Every structure is written in structure tokens, then in C-alpha cells.
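J.: So that we are looking at the same thing, I have put the structure below in C-alpha cells.
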Amino acid sequence: MASSSVTASASASSSESGITERRGIPGAQFVEDVQTYLNQLGLDVNSALAVLQERLQQYKLVEMKLLAQQRELQAKIPDIEKCLDVVAALQAKKGTGEDRLGNLSACACGRLRFRRICESKCRFDDNNPSCMVALVTTPIPLLFDFLVETKSAPLLSLTVAFGGEGVERRRCQFDDVGNGNKMGSATSKEKWKKVLVEGDAPLALTADFEVSEGIYSRACIEDSDSVCLWLGANVMLEYSCEEATALLQKNLDNAKASLEVLVADLQFLRDQVTITQVTIARVYNWDVHQRRMRQAVAAKDS
Amino acid sequence: MQQGGGGSETEVTWEDQQNINKFGRLNNRFHELQDEIKIAKETNDNLEDASNELILTDEEVIRFQIGEVFAHVSKEEVESRIEQMNEVTSKNLEKLEAEKESVLAQMAELKKILYGKFKDSINLEEEVIWISCNFPIDWFLVYVDDMCTPKRLLGK
């Protein structure tokens with residue numbers, strides 16, 4: 001009657017299809033026919049099921065390990081990308097070059113003092129004592145107040161030149177400093193003059209970084225050619241910007257490649273798990289089928 | 001008398017096995033894609049909020065996060081950076097959506113094939129994929145899904 005399709009296809013031998021193993025993960029043998037599979041193993045149903053279950057557990061273990069590795073890599077990759085961003089930003093800042101905002105020179109000797117709305121360093125130019133050089137650390141445009149005081153000779157003209165080496169120099173001339181030329185007396189005549197100075201981008205990078213949770217501190221990162229990279233194991237090495245970028249990029253590429261291989265491994269593993277599970281189902285079904293048949297035969301006989 | 005019930009047991013060929021494997025893999029990829037799309041959408045929303053805030057603020061210097069630190073950046077530069085990031089995430093989102101569509105299409109194909117062969121003996125719906133033997137009383141359901149281990153619902 002209901003001839004078991006299993007016995008009908010008993011002649012078909014179970015063939016081993018698929019890859020036998022991959023990177024240490026044993027492949028699951030695909031079973032074409034349960035009867036021949038059991039004969040091949042020489043086991044009864046229960047032991048076969050036990051063996052398959054054990055295989056499944058091993059696969060699960062390996063899967064957990066691989067998943068943990070995958071999580072690690074997935075956390076590492078954004079970190080490396082962030083580092084690359086920072087190094088790139090530092091390099092970009094460096095590219096704009098130092099910008100000397102103002103060489104204020106006066107035709108007459110005198111002291112020039114100027115006040116800026118923002119913070120900056122300022123010193124006298126070594127070559128020319130009547131020149132003051134200011135390095136600006138804030139973005140432009142900014143408003144410049146300067147105070148001109150002269151003690152001796154009258155101030156004839158004032159030149160504000162800005163722009164550093166390699167940067168276009170702009171000049172503005174102030175021939176009329178203050179109201180009229182009432183200069184030259186012993187006491188200074190203070191005349192503030194507001195000038196809108198347009199310069200180039202700021203030099204040092206100002207950044208707020210986290211000292212502790214909720215607490216941030218300001219850092220003024222000067223231009224430099226090198227960055228220090230934390231290599232792990234309490235080791236930090238100084239690299240030039242280009243070398244640092246190259247190293248970080250290489251690490252990023254390696255991490256991404258490992259991740260790909262890992263994902264492929266996981267897929268292979270899942271396939272083997274699926275095959276094993278289906279095999280367990282089929283062996284069990286076959287067993288149930290056999291029992292039913294035997295019951296039916298026994299019932300017929302009696 | 002043997003209860004025919006669902007009829008003779010359908011054999012699982014290597015091709016079927018491969019189809020089941022492929023379906024399982026596609027299913028996983030689908031779930032991963034759903035998560036990734038969610039994250040990409042969130043990033044998009046955040047960038048939009050950021051650019052809105054930028055329009056409202058009157059500060060000239062914005063603290064822009066680069067890596068772990070907040071660098072002082074001028075407003076224009078922040079604007080262009082945000083625009084750039086917006087482009088990148090939009091393209092990413094498009095790519096993910098396209099992949100999701102293709103995965104769904106492939107899964108529908110495989111469903112047709114597998115349901116065609118196994119009819120009621122297999123279930124390929126959300127979360128759970130199982131293949132069963134259609135013997136009326138003695139059911140043995142195996143969850144073929146990497147979330148569940150094989151379960152025997154009822155004994156012999």
C-alpha cells in the first residue's frame with residue numbers, strides 16, 4: 001500500500017555534496033537517503049540522532065565565537081575611521097598655513113598698540129622693531145581696534161598689511177589717522193580706529209575634548225607635522241601625518257577584509273547548521289515512518 | 001491501518017537543501033538590512049536636525065565633532081561638512097533599500113519553489129522556518145532557523 005518512499009529509493013546511495021570543510025569548520029554531510037546513511041554509519045536511529053545533535057552543538061559553539069569576533073571588528077572599524085577623520089582634519093588645518101594678521105608699521109617711530117576683540121599672541125617683529133606681528137587664533141572676519149600712539153614724530157601714515165608667506169597680502173592705508181594730525185605731543189593722543197580686517201583662516205585648531213563625563217576642556221592644537229598614534233599595549237608612536245594616514249588606512253582595509261571573510265564563514269556555518277537540522281528531522285521522520293510500518297504489519301498479521 | 005494522512009514523505013534533494021540554505025541566508029540578510037536601514041534613517045534625521053539648528057543659531061563658531069573631540073569650526077565649513085555627510089548617508093540608504101528589495105524578491109522566488117515542492121510540510125514565514133513530516137498524530141517539527149535549536153514538540 002503505502003510503500004515507503006524510503007525503501008523504494010533504497011537503491012539510491014547517499015552522496016556527499018558540498019564542500020567538506022572551510023577554515024576549520026567541518027562541513028555537514030548531505031544525506032540523500034536516510035536508509036543508506038544509517039547503514040553507512042552502522043548506527044541505529046537513536047545514536048545517529050545523538051551524533052547529529054552533538055555536531056549541532058559544536059556548530060553552535062563555533063558560531064558564538066565567530067559572532068563575538070564579528071562584533072569586535074564592527075566596533076573597531078568606526079574607531080579607525082574616526083582617527084582617520086581627525087588626522088585628515090589636522091592636515092587640512094595645516095594646509096592653510098600660518099597667517100600673520102597684521103604688520104602694523106608706522107612711518108614714524110612710535111609705539112603701536114592694538115587691541116583685538118579676540119585672543120591672539122603678538123610680538124614685535126625682530127627685523128623691524130616698529131612692526132608688530134600678530135598671530136590670530138580665531139576665525140575671521142574680525143574687528144580690529146587699534147590704538148595708535150606716538151611719542152615723537154607725527155604719525156604720517158599707517159599701513160596695515162595682512163597675509164603671510166604665500167598668502168596674498170592686502171594692504172589698507174590710513175593716511176588720516178584720527179581727527180587731523182594732532183600728534184607729536186608728549187602725551188599720546190588716543191585715537192581708536194575700527195578696521196574690518198579680512199584675513200585667512202585661523203591656524204591652530206581649537207577643540208573641546210572630554211576630560212571626564214560631562215566635563216570638557218579646551219585645547220589649542222598647534223600646527224605640527226606629526227601625530228602620535230596609540231598602537232595598544234601601552235605603546236604610542238609618533239608618525240608624520242602622511243605616515244599616520246597610510247597606517248590607519250591600512251588598518252581599516254585589513255579590518256574590513258577580515259570582516260568580509262568572517263561574514264562568509266558565518267554564512268557557511270549557518271548552511272551547515274541548516275543541513276544538520278534538516279538531516280535530524282529526516283532521520284527522525286524516517287524512524288517514525290518505520291515504526292508505523294512495523295505496527296501496520298504487526299496489526300495485519302495478528 | 002496506517003494513516004496515510006499527508007501522504008508519503010517527500011524526499012529532500014540536494015537542490016532542495018541548497019534552496020533552503022539560501023532562503024535561510026537571505027532571511028538573515030533581510031533582518032540585518034532592516035537594522036542597518038533603521039540606523040541610516042536615524043543618522044539622516046540627526047543630520048537634518050543639526051542643519052536646522054545651524055540655521056537657527058547665530059554663533060559664528062560651531063563645535064563640530066571630529067573623532068572624539070569637538071573642534072571649533074566656522075559656520076560655513078560646518079554647513080558644507082553636514083551637506084557632505086548628508087549626501088553620503090542618503091546614498092547609503094538608497095543602496096540598502098535597493099538591496100532589501102532584491103533580497104525580498106529572491107525570497108519570494110524561493111518560497112514559490114519550495115512551497116511548490118513541499119506544500120504543507122514546510123513553513124517559510126517570518127522568524128521561523130520549519131520542515132515537518134505530515135504524519136497526523138506524530139508530528140515532528142524542526143525549527144530550521146538559526147535562532148532556535150531543533151525541538152521535538154511531541155514524542156513518538
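The values are calculated or read from the model by the stated rules, or taken from the named source; none is laboratory data. Given the structure is predicted, the values throughout are model-derived calculations rather than measurements. Positions of Cβ are backbone-derived with ideal geometry, glycine not excepted, and every protein chain shown enters the neighbour counts.
J.: For the range A:285-296, check the following and say yes or no: at least one residue is closer than 17 Å to A:Ile25 by Cβ and within 8 Å of chain B (Cβ to nearest Cβ).
T.: No; the residues of the range A:285-296 include none that is closer than 17 Å to A:Ile25 by Cβ and within 8 Å of chain B (Cβ to nearest Cβ).
J.: Here's a follow-up. Would you check which residues across the range A:31-50 are within 13 Å of another protein chain (Cβ to nearest Cβ) and of a type in the set (Ser, Thr, Tyr) and list them?
T.: Those that are within 13 Å of another protein chain (Cβ to nearest Cβ) and of a type in the set (Ser, Thr, Tyr): A:Thr36, A:Tyr37.
J.: Among the residues of the range B:20-41, write down those that are without any contact (Cβ under 8 Å) to a residue 24 or more places away in the chain and in contact with a strand residue (DSSP E or B) (Cβ under 8 Å, 6 or more places away or on another chain).
T.: Once the filter is applied, which keeps residues that are without any contact (Cβ under 8 Å) to a residue 24 or more places away in the chain and in contact with a strand residue (DSSP E or B) (Cβ under 8 Å, 6 or more places away or on another chain), the range B:20-41 yields nothing.
J.: For B:Thr149, only one of the following conditions fails: (1) surrounded by fewer than 17 Cβ atoms within 10 Å (Cβ to Cβ); (2) touching a Leu at 6+ places or on another chain (Cβ under 8 Å); (3) within 14 Å of chain A (Cβ to nearest Cβ); (4) modelled with pLDDT of 90 or more. What is its number?
T.: Status for B:Thr149: all satisfied but (4).
J.: Would you check if A:Gln290 is in a helix (DSSP H, G or I) and without any contact (Cβ under 8 Å) to a residue 40 or more places away in the chain?
T.: no
J.: From the list B:Val69, B:Val73, B:Val61, which one is at pLDDT below 90 and in contact with a His (Cβ under 9 Å, 6 or more places away or on another chain)?
T.: Only one candidate passes the filter, namely B:Val61.
J.: Find the residue count for the range A:231-255, including only residues that are of a type outside the set (A, V, I, L, M, F, W, C) and touching a Lys or Arg at 6+ places or on another chain (Cβ under 9 Å).
T.: 1
J.: Sticking with this one: I'd like to know if the range A:254-274 contains one or more residues that are β-branched (Val, Ile, Thr), within 12 Å of chain B (Cβ to nearest Cβ) and buried (at least 20 other Cβ atoms within 10 Å of the Cβ).
T.: For the range A:254-274, residues β-branched (Val, Ile, Thr), within 12 Å of chain B (Cβ to nearest Cβ) and buried (at least 20 other Cβ atoms within 10 Å of the Cβ): present.
J.: Continuing with the same structure: Given (1) over 15 Å from A:Ala92 (Cα atoms); (2) more than 14 Å from every other protein chain (Cβ to nearest Cβ); (3) assigned to a helix (DSSP H, G or I); (4) modelled with pLDDT under 90, where does A:Leu231 come up short, assuming only one miss?
T.: (3) is the only condition that A:Leu231 fails.
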